[in-house]
Amino acid sequence: IAGLIIFGFGEALLIASGVGVSPWTVLAQGITNITGWSIGFATFMTSLFVLICWVPLKQKPGVGTVLNAIIIALVLDYFLPYLPTFDNLALRILEASIGVLVTGFGGGIYLVANLGAGPRDGLMVGLQRITDLPIITVRTALELMVVITGWFMGGLVGLGTIMFVFGIGPAVAFSLHLVRKGSEK
């Protein structure tokens, strides 16, 4: 739960920065633009739709899967109104950078708990299993589809999106290293 709260807070920082968000949040922003839903509710509904896609893929959710969909959505709606929005571009980029690092740290904590894949990760794994394509191909195709769809619906693609795409892997890897090292003591 702590990892999911931290993950959601990192995503909220990215949104508040106004310089671009993670690919799936671009989609959620696009949905928000069309429906008028809050970003948290749009994120939750996206997670719900993705979980429905698990059924034909025969993916099995865990308690962490369900908590992922609920907690991240709630955290976005709760924290976003309280986060600073800056006029200064350097501060906005700094806020996005911190958002990527915080998201990665939360992701590492969540992954170590091993309580079930997040909705998007489960979709990736299920699609990889039935297509037999390399995981990088499946994940890249999914991310491109959602970012393009979200962008066409008015989601914000920018420097923060690029920072997330290239920074989230190293941030999660570093977090996993820290969490595992800390649990050895």
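Brief remarks follow.
- With DNA, RNA and ligands ignored, accessible area of PHE164 (1.4 Å probe; Å², nearest 10): 20
- Coupling constants for the stretch 48-57 follow from the phi torsions by the Karplus curve (6.51 cos²θ - 1.76 cosθ + 1.60, θ = phi - 60°), and in residue order they are 4, 4, 4, 5, 4, 5, 5, 4, x, 7 Hz; glycine and proline get x.
- Shape of the stretch 68-168, Cα gyration tensor, a/c cut at 1.5: prolate
- Relative to the compact-globule estimate of 2.2 N^0.38 Å, the Cα radius of gyration of the chain comes out at 0.98.
- Å² per residue, accessible surface of the stretch 1-138 at 1.4 Å: 48
- Measure of compaction for the stretch 23-66 (Cα Rg per 2.2 N^0.38 Å): 1.27
- Per-residue HN-Hα couplings for the stretch 160-168 [Karplus 6.51, -1.76, 1.60; θ = phi - 60°; Hz; x = Gly/Pro]: x, 5, 5, 4, 5, 4, 8, x, 5
- Inter-probe distance in nm under a simple model that places probes 7 Å from Cα toward Cβ, at ILE148 and ASN114: 3.8
- Rounded, prolate or oblate (a/c below 1.5 giving rounded, otherwise prolate when a/b exceeds b/c) for the stretch 107-158 by Cα gyration tensor: oblate
- Alpha-carbon centroid distance for the pair the stretch 107-148 / the stretch 22-40, whole angstrom: 20
- FRET efficiency estimate (nearest 0.05) - Cβ-Cβ, CYS53 to ILE98, R0 35 angstrom: 0.65
- Of ALA12, LEU94, ILE135, farthest towards positive along the dipole that unit charges on Lys, Arg, Asp, Glu beta carbons give the chain: ILE135
- R0 of 30 Å, Cβ-Cβ distance THR131-VAL63: FRET efficiency to nearest 0.05: 0.60
- Computed per residue of the chain from DSSP H runs no shorter than four, each worth -39500 (n - 2.57), the mean residue ellipticity at 222 nm is -27000 deg cm²/dmol.
- Using only side-chain charges placed at the Cβ, +1 for Lys and Arg and -1 for Asp and Glu, the dipole size of the stretch 61-185 relative to its Cα centre rounds to 300 debye.
- Label-point gap, in nm, between GLU184 and LEU83 - each point 7 angstrom along Cα→Cβ: 3.3
- For the stretch 76-88, putting each phi into the Karplus relation 6.51 cos²θ - 1.76 cosθ + 1.60 with θ = phi - 60° gives couplings of 4, 5, 6, 7, 3, x, 9, 7, x, 10, 9, 7, 6 Hz, in residue order, rounded to whole numbers and with x for Gly and Pro.
- Portion, in percent, of the accessible area of the stretch 30-177 that falls on carbon or sulfur, probe 1.4 Å: 75
The values are calculated or read from the model by the stated rules, or taken from the named source; none is laboratory data. What you are looking at is a predicted structure, and each value in this text was computed from that prediction instead of being measured. As a convention, Cβ positions derive from the backbone with ideal geometry for all residues, glycine included, and neighbour counts pool all protein chains shown. The accessibility values were calculated without ligands, DNA or RNA, using every heavy atom of the protein model including side chains. Shrake-Rupley method; radii C 1.70, N 1.55, O 1.52, S 1.80 Å.
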